[in-house]
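Novice: To start, I am sharing the structure in question, which I have written as structure tokens.
The values are calculated or read from the model by the stated rules, or taken from the named source; none is laboratory data. Worth saying up front: this structure is predicted, and the values here are computed from it rather than measured. Cβ sites come from the backbone with ideal geometry, for glycine too, and all protein chains shown count toward neighbours.
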């Protein structure tokens, strides 16, 4: 193996059991000259195509221009593009940084700078749960029938099967479609993914109270075939978007004891068991939490 | 990270430049009791879905029932199934085994046992090139218009664009379609992958002598959308199948100095530069060679 290597981690996110969540590949760049050499992103993008994961990240040292509270800068790539923000890569990269010996400047909170700005990641008292506060929506509001028609076509679903359609864009351009219930979500088959073009969408449907063994009240699936990800196993940014959407609408299955608080199940059709814990705290902020597990630890040849 | 970890390698195959070939994830199991515990393959299959690579392998120790010449047993998984044989995982796994300190019983030749039987892998004198001898075809002969129609539909190509169609099945169920030339191959767009169902196919087209800078005389692309791999970056088994097909037909672009000897370029449309060296030796056997590069080296939590 070449001597020009960097620390590498592959972390499973949003599951407490290995290989049941969503993996992210994380390379840690500590050397500022290497960070500078790779800054145009071409090599990072190529490496992300090579890993073939829904997301591949690079942790970079804070620069002099950064706010002093920043712990690290994160760049996030899919096989097809760079993203300003993404959920599972945020938690997985934070876990890799902690595993690598990173010490947050502020106890219990890691401050990540990404394309969207500063993201705050809380570490639970037992260290097991990492949560990020939902970034603001860059685009929200109902999606029109015309806008969702490509998604309906990809899934071969009639328009009347969609109860609500909403833009929840916080980086990735998610469109959220609510179906009748969780079962309807699990039954969807994306038979014609190319009909959706470059569009990214997710579907959600509720479980009745007590119906899901882990207490999930929503089943979610997300699709981005135009970006090389037919179905994403578990998606933090989508659930973060749901949190922002539900902030005002407060649907019954997302509220507990008068507060926005719900568990999302995702990945069931892909033999994953993603669990996302979404909760509004006293400060009004909504946090998306999940378990993380370092599954691969080693070194990578300089991308 | 859990203490139950195994050696892990991710190797780039068929390229001399990192991240320009086809990656394979390789886990090495040295402990016989772990090998026995995982033998039903369920955990291996789950890990292969999680890596999301076209192939993920497990190197296992030879068992008492194995022929004495066997150096290791290999199990090969795609995200969707287990394969009896595959080309780039064979070379990449062999490289990982050598990097891990494996010493072949017979100098210069590694003997791998896989679902298809024994595969012989030659190490070039400088140690750089690994080559496997092409396994016999389990199915060969012309493919009918009816058989190739799903592939034509997926690519939106008229039947008259295909000059020859041949089954070259040596594990993966490849169907090979020859197009007019290399340019025609590079221009193909798989606009309706679902039309191909579970089918796997490849297209080939020739370069004129001197046209390709690296001396390739064929451009190849392979597709297996039904198995979760829309387009495979570089495919050893397909070129091995071409070698067996050309053994008797000896097309001009595959012969040099009266011998079957040609270089295949693959992955161009995916920003890869796969190069496969196919050559018939004095013993009559056809060998498929390629460069390999260990890109990630570390440990993995027991799948």
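Novice: Being part of a loop (DSSP other than H, G, I, E, B) and either within 10 Å of chain B (Cβ to nearest Cβ) or over 30 Å from residue B:231 (Cβ atoms) (or both): is that true of residue A:68 here?
Specialist: On the way: part of a loop (DSSP other than H, G, I, E, B): yes; either within 10 Å of chain B (Cβ to nearest Cβ) or over 30 Å from residue B:231 (Cβ atoms) (or both): yes.
Criteria met by residue A:68.
Novice: Are any residues in the stretch A:16-29 more than 10 Å from chain B (Cβ to nearest Cβ) and buried (at least 20 other Cβ atoms within 10 Å of the Cβ), and if so, which ones?
Specialist: A:24, A:26, A:28, A:29
Novice: If residue A:298 satisfies every condition in (1) closer than 30 Å to residue A:36 by Cα; (2) surrounded by 21 or more Cβ atoms within 10 Å (Cβ to Cβ); (3) modelled with pLDDT of 95 or more but one, which is the exception?
Specialist: (2)
Novice: Quick check on the stretch A:71-80. Is at least one of its residues outside any loop (DSSP other than H, G, I, E, B), surrounded by fewer than 22 Cβ atoms within 10 Å (Cβ to Cβ), in contact with a strand residue (DSSP E or B) (Cβ under 6 Å, 6 or more places away or on another chain) and facing chain B (nearest Cβ under 10 Å)?
Specialist: Looking for residues that are outside any loop (DSSP other than H, G, I, E, B), surrounded by fewer than 22 Cβ atoms within 10 Å (Cβ to Cβ), in contact with a strand residue (DSSP E or B) (Cβ under 6 Å, 6 or more places away or on another chain) and facing chain B (nearest Cβ under 10 Å), one finds none in the stretch A:71-80, hence no.
Novice: Since residue B:175 meets every condition but one in (1) within 20 Å of residue B:247 (Cα to Cα); (2) in a loop (DSSP other than H, G, I, E, B), which condition does it not meet?
Specialist: (2)
Yes/no matrix, rows are residues, columns are (1) farther than 19 Å from residue B:226 by Cβ; (2) in the same structural domain as residue B:212 (by TED's automatic domain parsing):
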residue	(1), (2)
B:139	no, no
B:152	no, yes
B:160	yes, yes
B:167	no, yes
B:170	no, yes
B:174	no, yes
B:177	no, yes
B:180	yes, yes
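Novice: Report whether or not residue A:96 is within 14 Å of another protein chain (Cβ to nearest Cβ) and surrounded by 20 or more Cβ atoms within 10 Å (Cβ to Cβ).
Specialist: Taking the combined requirement at face value, the residue satisfies it.
Novice: Same structure, new question: In the stretch B:110-126, which residues are closer than 23 Å to residue B:173 by Cβ and surrounded by fewer than 14 Cβ atoms within 10 Å (Cβ to Cβ)?
Specialist: If the condition is that a residue be closer than 23 Å to residue B:173 by Cβ and surrounded by fewer than 14 Cβ atoms within 10 Å (Cβ to Cβ), then B:117 is the only one that fits.
Novice: Considering only residues that are crowded, with 21+ Cβ neighbours inside 10 Å and modelled with pLDDT of 95 or more, which ones fall in the stretch A:211-234?
Specialist: A:216, A:217, A:218, A:219, A:220, A:221, A:222, A:223, A:234 - these are the residues of the stretch A:211-234 that are crowded, with 21+ Cβ neighbours inside 10 Å and modelled with pLDDT of 95 or more.
Novice: Go through the stretch A:30-50 and give me each residue that's within 14 Å of chain B (Cβ to nearest Cβ) and crowded, with 16+ Cβ neighbours inside 10 Å.
Specialist: Hits for the stretch A:30-50 are A:38, A:43, A:44, A:45, A:46, A:47, A:48, A:49, A:50.
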